[in-house]
Amino acid sequence: MKRKLFVLLIGAILLLAGCNNGNADEDSEKNENSDETQTNEENQEEEIEDVVEEPEVEEELVEEEPESVEVEYQINSETWSVEPLADASEDVVLLTIDDAPADNALEMAKTLKGLDAKAIFFVNGHFLETDEEKAVLKEIYDMGFPIGNHTYTHKNLKEISEEEQREEIVGLNDLVEEIIGERPKFFRAPHGANTDYSTDLAKDEGMVVMNWTYGYDYFTPYQDADKLATAMITGEGPEVDVPYSLLKPGANLLMHDRDWTAAALEEIVTGLRDKGYEMVDPAAIQKVNES
Ligand SMILES: [Zn+2]
């Protein structure tokens, strides 16, 4: 609701600025970013002498704008691929980094940021116990990457009690919220081993559950940057019995916080783009209770 209100406010302000500007040049009217709105407001003030203060609303607009990404995709709960809801491009892939933040996550986030590529970082609580580790998580989150829940201690959920599953999942959400001020909106079980209980619990906690469609960095033959980059870009892993390509629209790509993956990451992103795929913004993926 809040977002819709801001969209309306932006519309109203632009409309006002546009109407009152009279002879202002067309370029500034077309531009919808807030800087330009400010320019319009300023022009307006020069013309109307007694207006002194900027309207307060404008500062709030600048803060809220990055959050207002339109929901255009959903996760298919059988194939785990990313599907467009309406007219959105289907030529997208989702990047995910699991077992973070260990030794490489921050570097990986910086690489992705430099390439303007979004990704979800699925984190474990046992990597978030020191102040330094917490600061790394906050930095990754502040760079614009959503934080997903990968359980507190990375146990196989099929091998522990329901009470322990709850501690693994809810305990980590509490910890993440304490660090970044927001609870995770995505959940991925260690080893992709979901139980009925954990799936329901994750949904109750407001998280979208997902496994992945392919990934190679955890197989020994691909623990090498060049070989991994080739496998991720082609979708083929002939050395682990995947002699065909798993790269297709909506592929949900599993990667980990590992040295060789960090080293291959830039090549993976640029290689996928060369093949016509863009990295989907997780903010555009439909969340639980969002339509
Ligand atoms: Zn994992």
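You will find that of Glu90, Glu133, Glu139, Glu107, the residue that is under 22 Å from Gly235 (Cβ atoms), at pLDDT 95 or above and not basic (Lys, Arg) is Glu90 and no other. Can Arg183 be described as surrounded by 14 or more Cβ atoms within 10 Å (Cβ to Cβ), within 22 Å of Ala284 (Cβ to Cβ), within 16 Å of the ligand (Cβ to nearest atom) and among the basic types (Lys, Arg)? Against the criterion (surrounded by 14 or more Cβ atoms within 10 Å (Cβ to Cβ), within 22 Å of Ala284 (Cβ to Cβ), within 16 Å of the ligand (Cβ to nearest atom) and among the basic types (Lys, Arg)), Arg183 does not qualify.
Scanning segment 204-227 for residues that are out of contact with any Phe, Trp or Tyr (no Cβ under 7 Å at 6 or more places or on another chain) and either within 14 Å of the ligand (Cβ to nearest atom) or more than 12 Å from Asn149 (Cα to Cα) (or both) yields Asp204, Tyr214, Gly215, Tyr218, Phe219, Thr220, Pro221, Asp226, Lys227.
Residue-wise test of (1) within 16 Å of the ligand (Cβ to nearest atom); (2) surrounded by fewer than 22 Cβ atoms within 10 Å (Cβ to Cβ).
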residue	(1), (2)
Ser89	no, yes
Val93	no, no
Thr96	yes, no
Ala105	yes, no
Leu115	no, yes
Lys118	no, yes
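Of all residues in segment 138-175, those satisfying the criterion of being surrounded by 15 or more Cβ atoms within 10 Å (Cβ to Cβ), within 16 Å of Asp257 (Cβ to Cβ) and either away from the ligand (no atom under 16 Å from the Cβ) or among the acidic types (Asp, Glu) (or both) are Glu139, Ile140, Tyr141, Phe145, Pro146. Residues in segment 219-258 that are loosely packed, with under 15 Cβ neighbours inside 10 Å and within 25 Å of Glu107 (Cβ to Cβ): Thr220, Pro221, Asp226.
Reported count of residues in segment 109-140, each being touching a strand residue (DSSP E or B) at 6+ places or on another chain (Cβ under 6 Å), of a type in the set (A, V, I, L, M, F, W, C) and not in a strand (DSSP E or B), is 3. If you go through segment 269-291 and keep only what is farther than 23 Å from Ala86 by Cα and without any contact (Cβ under 8 Å) to a residue 60 or more places away in the chain, you end up with Gly271, Asp274. The residue pairs whose first member lies in segment 148-169 and is farther than 18 Å from Asp204 by Cβ, whose second member is away from the ligand (no atom under 15 Å from the Cβ), and whose beta carbons are closer than 8 Å, counting only pairs six or more residues apart or on different chains, are Lys155/Glu164; Lys158/Thr195. Tell me which residues, restricted to segment 70-87, are touching a residue at least 24 places away in the same chain (Cβ under 8 Å), of a type outside the set (A, V, I, L, M, F, W, C) and exposed (fewer than 15 other Cβ atoms within 10 Å of the Cβ). Residues satisfying the conditions are Glu70, Asn76, Ser77, Thr79.
The values are calculated or read from the model by the stated rules, or taken from the named source; none is laboratory data. This structure is a prediction, so every number in the text was calculated from the model and none was measured. Virtual Cβ from ideal backbone geometry, glycine too; neighbours counted across all protein chains shown.
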